[in-house]
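For reference, the structure is listed below as structure tokens.
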Amino acid sequence: MTGVITVQGRLVMAYACKSTQDWKYPTHLAVGSGTTAASINDTALENETAEGKVALTSVTVSEANRTITFTGTITFTGSRSVSEYGLFAKQDGTYKLCAREVQSASSFSAGESVTFSFTYTW
């Protein structure tokens, strides 16, 4: 999955490189049913599902491929139609949307666990 890196996401990445700030790289993901195109000015998912934000299970950097991949698993508590995906960083107790992707809707059933991966190339 690719997506739009938001203004907040660019700030998170910039400040993560500066150790004096309390900003961290993306640590959580969430999904939703929004359909509006992603924008660099997005600050939240359009319609986040009831599962909320879940912690990422891995962050992998490949210097050779110039990529960073964020991976996490969501277990759905009800039937869901998912069309938007977001990466979040937490700062001072607040989640900041770092990247958002909108795609065609996919359906998931209650109890289904799905692993999502976001890969970005620099």
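What follows is calculated from the coordinates using simple rules that are stated; it is not laboratory data. Quick caveat, the model's predicted, so the values are computed rather than measured. Reconstructed Cβ throughout: ideal geometry from the backbone, glycine too, with neighbour counts over all protein chains shown.
Which one of S83, G72, T49 is farthest out on the positive end of the charge dipole of the chain, using unit charges on Cβ (Lys, Arg +1; Asp, Glu -1) and the Cα centre as origin?
G72
Taking only the Cα atoms of the range 4-121, how large is their convex hull per residue, in Å³?
101
Let me have the relative contact order for the chain, percent, based on Cα pairs under 8 Å that are six or more residues apart.
After rounding, I find 34 percent.
Which angle from 0 to 90°, rounded to the nearest 10, does the C-alpha axis of helix 7-16 make with the longest principal axis of the chain?
The two axes meet at around 50 degrees.
Less than 14 Å Cβ to Cβ from G3, Lys/Arg counted +1 and Asp/Glu -1: what total charge do the surrounding residues give?
Residues near G3 contribute -2 overall.
Taking the Cβ of each residue in R10, R100, R80, R66 as the centre, tally the other Cβ atoms inside 10 Å and list the residues starting with the fewest.
If I rank by nearby Cβ atoms, fewest first, I get R66, R10, R80, R100.
Check A99: other-chain or 5+ apart residues with amide H under 5 Å from its amide H, H built from backbone geometry?
Long-range HN contacts for A99: T6, L87.
Write down the radius of gyration of the range 81-122 and its Dmax, each obtained from C-alpha positions, in Å.
Both quantities, over Cα of the range 81-122: 12.8, 36 Å.
What do you get for GluC sites (Glu not before Pro) in the range 18-122 restricted to DSSP loop and a cutoff of at most 10 other Cβ within 10 Å of the site's Cβ?
For GluC sites (Glu not before Pro) across the range 18-122 that sit outside H, G, I, E and B with at most 10 neighbouring Cβ atoms in 10 Å, the list reads E63.
Order the peptides 105-111, 38-44, 26-32, 86-92 from the highest to the lowest mean number of other Cβ atoms within 10 Å of their residues.
26-32, 86-92, 38-44, 105-111
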